[in-house]
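Every number here is computed from the coordinates shown, using simple stated rules; none is lab data. Since this is a predicted model, take the numbers as computed values, not measurements. Ideal geometry is used to build each Cβ from the backbone, glycine not excepted, and the neighbour counts take in all protein chains shown.
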Amino acid sequence: MKKQSILLAAFCLMYLVLPLAKLQAQVNPSNQAIFNELARKDSLLFKAVYDCEVNKIDNILGKDFMFYHDNGLFGSTTSQTFTDFKTGLQKNFCDKGIKLKRQLVKGSLQVIVVNGEKATQTGVQRFYMEEKLVEESKFSRVWQKQKGDWKMTQELDYLVNTKFASRSSGDALYNEIAHMDSVLFNAFNTQDGETIKKVFDESLEFYHDKGGLTNYTQNIAATKNLFAANNGLTRRLVEGSMEVYPVKDYGAIQVGTHTFCHKENGRDDCGTFKFLHIWQKKNGVWKVTRVASYDH
């Protein structure tokens with residue numbers, strides 16, 4: 001990106017905005033039609049789950065469908081038949097009024113066509129309950145043509161990560177830090193330098209894996225210069241990525257992933273990076289004392 005060196009010199013707070021490397025699904029062009037059809041079926045399956053129209057999955061899953069869920073190195077792999085899978089959805093979610101939302105990670109879907117009658121599909125997915133991220137996992141499926149229609153006959157969910165449920169459960173501390181994150185970056189997105197001054201503590205240390213260490217005065221000056229450049233840079237927190245941990249008698253640690261974008265030649269130029277913020281609560285007021293920005 002042409003402005004990379006300018007942004008780095010001007011403002012370490014911006015976490016070094018680099019072009020986002022997008023993972024593209026690997027699909028043989030000759031099999032594009034099958035890829036598109038299985039992607040459509042994937043979307044229909046989880047729309048039926050979200051809408052609790054369980055009977056609609058009959059059009060997607062084969063009657064011989066088996067679901068396997070890997071519970072890690074020290075846990076057993078569980079399995080469900082077609083009937084068990086449907087009954088579980090109805091009993092554990094629909095009957096209880098729980099909204100189960102599933103998000104396919106963009107660019108992760110891949111399809112390997114075995115032949116015109118069989119294919120495998122893999123990808124990465126995230127599950128939300130009542131809008132809270134509770135699981136991230138990889139999946140591998142087997143699809144077969146049955147009477148001219150593609151049906152899923154097997155799914156394995158593996159590398160299952162459920163840590164989010166206990167670390168972003170919406171408790172008081174999490175909500176406080178989520179609010180302060182919003183205050184800080186709403187100020188950034190609206191070029192409100194005075195609010196940024198108040199949220200950053202004067203003892204601030206900012207560690208950047210490419211730019212090194214900067215202090216409060218340097219970051220406030222860089223903020224002013226960046227706003228003066230007026231290049232429209234904005235920050236968005238990646239949904240479901242934030243985790244919050246308490247620090248005894250001090251405050252909290254916040255980790256997550258966020259995306260920065262600005263216009264370059266009329267198009268969005270974005271970079272997605274990891275961050276760590278250490279917050280101190282002093283006399284009832286939250287301030288950021290340490291920042292680490294990495295994985296650029």
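With label points built 7 Å along Cα→Cβ from the Cα atoms of residue 58 and residue 144, find their separation and express it in nm.
2.1 nm
Can you match semi-axes √(5λ) of the Cα gyration tensor in Å to one of these, (i) 31, 23, 18; (ii) 43, 24, 15; (iii) 34, 21, 16, based on a calculation from the structure here?
This structure yields the entry labelled (ii).
Please give the per residue volume of the convex hull enclosing the alpha carbon atoms of the stretch 29-162, rounded to a whole number of Å³.
Spread over its residues, the Cα hull of the stretch 29-162 gives 111 Å³ apiece.
If you stretched the chain out fully between residue 131 and residue 197, how much longer would it get, using 0.36 nm times the residue separation minus the C-alpha to C-alpha distance?
The span from residue 131 to residue 197 would gain 20.6 nm if fully extended.
Nearest 5 is fine: what % of DSSP beta bridges in the stretch 169-296 come out antiparallel, could you say?
Approximately 90 percent, going by the DSSP bridge assignments.
Given the pairs 99/151; 41/99; 41/96, which are separated by over 23 angstrom at their Cα positions?
Beyond 23 Å: 99/151; 41/96.
Loop-only check: which trypsin sites (Lys or Arg not before Pro) in the stretch 72-123 are DSSP coil with at most 16 other Cβ within 10 angstrom?
Here the trypsin sites (Lys or Arg not before Pro) that fit, given the DSSP loop and packing criteria, are 96, 99, 106.
In nanometres, what is the gap between the two model label sites at residue 238 and residue 43, each 7 Å from Cα along Cα-to-Cβ?
That separation, rounded to one decimal, is 2.3 nm.
Taking H placed 1.01 Å from N in the peptide plane, check which residues at least 5 places from residue 146 or on another chain put their amide H under 5 Å from its amide H.
151
Report Rg (one decimal) and Dmax (nearest whole number) for the stretch 172-237, counting Cα atoms only, units Å.
Looking at the stretch 172-237, its Cα Rg and Dmax stand at 12.6, 38 Å.
Using θ = phi - 60° and the Karplus curve 6.51 cos²θ - 1.76 cosθ + 1.60, what whole-Hz ³J(HN,Hα) does each residue of the stretch 234-247 get, with Gly and Pro shown as x?
10, 10, 10, 6, 5, 4, x, 8, 7, 10, 10, 10, x, 10
On a C-alpha basis, how far is the centre of the stretch 120-151 from the centre of the stretch 48-67 in Å? Whole number, if you could?
Cα centroid to Cα centroid, the span is 12 Å.
Given R₀ = 30 Å, FRET efficiency for residue 176-residue 213 by Cβ-Cβ distance, to 0.05?
After rounding to 0.05, the efficiency reads 0.65.
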